[in-house]
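The values are calculated or read from the model by the stated rules, or taken from the named source; none is laboratory data. If you're wondering where the values come from, they're calculated on a predicted model, not measured in any experiment. Cβ coordinates were reconstructed from backbone atoms using ideal geometry, including for glycine residues, and neighbour counts include every protein chain displayed.
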Amino acid sequence: MLEIIIAVAILVVAVVPLFTLMSKQTTDTGLVASQAYAINKASETLNAILDNVPFAAIRQGNPGYLAVDDISKMAKFTRYDDNWAKKMSTMLFNNTKKESLGYPCKGIIEDARGTAYLIHLKVEDVCSGEKLSKPERIQIGTSYPDGAPAEFSDKNEIAFAFLRNPSALSDGSWMESYAKKLNESGKPVSELDLPTQVSEAPENLYNDMGITLPAGAPSFLNPTAERYFPKMVTQKTAYKTTEQFSWCSMKKLIIQVQWNNKSQYLKEPENEAGDIQRLHLMTMKGDLD
């Protein structure tokens, strides 16, 4: 009997840590599975919004809203009616409850294991607060690329900048007035015939830098950069009435997936009493409509 008691005691001492380890591994495996599901769901939701939801139907808010009541009668949005918004809200957020602002981008879904997740999308309009009469232009400088290029001044705006074609080709009228025949006098035959500091022949290289350009590629001198702002390239947002937010060319989309890692709260992702886990993804959507 004494030997049996000793053997049982040794067995207990050995087995308890083993069960503890197995329990921890099960918990860790569950957390990893939940994280993988949350990442996939957040990514799928953002991709669906980027690819399948028109820019004008996504409304600013925390959470944001899917709304089409004020745009569905417009020609390019006729197929995006309330029935479409309801189906999209159900698919993305498992939410069919419509509010005054539209369908909230927030809802609770469950994975195959029965764990519930709170999906929450925050939408921020990135608007233009300034309207310039014409694009800004700046010459990069003749020392570039050997020296630092000249830069535009800082502005708290989204902007699109590019290098202009370094010749009169950037002027549409030049295309009509250049020499169509070699015997026409007083007109340039090509951009290589334009004034100095615009372009140079392809055989002229940046000798001081030891750069050899590809055959037929002209090396440009002191190119001009041009910068555009949202109000120059976009129309007023269809659903906006407040002037401050009427020019919006980008939206910031921030999605949060939240769940509770405690076994007794697996179906209560908003219960702070347990072990709350959160994951965030962010992207930008441009007005390409």
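Which of the residues that make up segment 45-68 are closer than 16 Å to Met250 by Cα and in a loop (DSSP other than H, G, I, E, B)?
Within segment 45-68, Val53, Pro54, Gln60, Gly64 qualify.
Looking only at segment 249-281, which residues are among the charged types (D, E, K, R) and within 19 Å of Ile58 (Cα to Cα)? Outline the logic, then answer.
Quick first cut of segment 249-281, residues among the charged types (D, E, K, R) only: 251-252, 262, 267-268, 270, 272, 275, 278.
Across segment 249-281, the qualifying residues are Lys251, Lys252.
Table: residues versus (1) part of a strand (DSSP E or B); (2) β-branched (Val, Ile, Thr); (3) at pLDDT below 60.
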{"residue": "Asp154", "(1), (2), (3)": "no, no, no"}
{"residue": "Ile158", "(1), (2), (3)": "no, yes, no"}
{"residue": "Met175", "(1), (2), (3)": "no, no, yes"}
{"residue": "Gly186", "(1), (2), (3)": "no, no, no"}
{"residue": "Asn222", "(1), (2), (3)": "no, no, no"}
{"residue": "Tyr239", "(1), (2), (3)": "no, no, no"}
{"residue": "Trp259", "(1), (2), (3)": "yes, no, no"}
{"residue": "Pro269", "(1), (2), (3)": "no, no, no"}
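This table checks each residue for (1) within 24 Å of the chain's Cα centre (by Cα); (2) outside any loop (DSSP other than H, G, I, E, B); (3) without any contact (Cβ under 8 Å) to a residue 60 or more places away in the chain.
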site: Asp70; (1), (2), (3): no, no, no
site: Lys73; (1), (2), (3): no, no, yes
site: Lys97; (1), (2), (3): no, no, yes
site: Ile109; (1), (2), (3): no, yes, no
site: Ala112; (1), (2), (3): no, no, yes
site: Tyr117; (1), (2), (3): yes, yes, no
site: His120; (1), (2), (3): yes, yes, no
site: Val123; (1), (2), (3): yes, yes, no
site: Glu130; (1), (2), (3): yes, no, no
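Tell me yes or no: at least one residue of segment 120-135 is surrounded by 15 or more Cβ atoms within 10 Å (Cβ to Cβ), within 18 Å of Leu253 (Cβ to Cβ) and among the acidic types (Asp, Glu).
Taking every residue of segment 120-135 in turn, at least one turns out to be surrounded by 15 or more Cβ atoms within 10 Å (Cβ to Cβ), within 18 Å of Leu253 (Cβ to Cβ) and among the acidic types (Asp, Glu).
Quick check, is Asp287 within 19 Å of the chain's Cα centre (by Cα) and charged (D, E, K, R)? Can you show your working first?
Working: within 19 Å of the chain's Cα centre (by Cα): yes; charged (D, E, K, R): yes.
So Asp287 passes the test.
Among the residues of segment 142-152, is there at least one that is within 26 Å of Met250 (Cα to Cα) and assigned by TED's automatic domain parsing to the domain that holds Asn222?
Within segment 142-152, the first condition is being within 26 Å of Met250 (Cα to Cα), and the residues that meet it are 151-152.
Those left that are additionally assigned by TED's automatic domain parsing to the domain that holds Asn222: 151-152.
Yes - at least one qualifying residue is present in segment 142-152.
Anything in segment 262-286 that is in contact (Cβ under 8 Å) with a residue 60 or more places away in the chain, more than 14 Å from Ile119 (Cα to Cα) and surrounded by fewer than 17 Cβ atoms within 10 Å (Cβ to Cβ)? List them, or say none.
Selection gives Thr283, Met284, Gly286.
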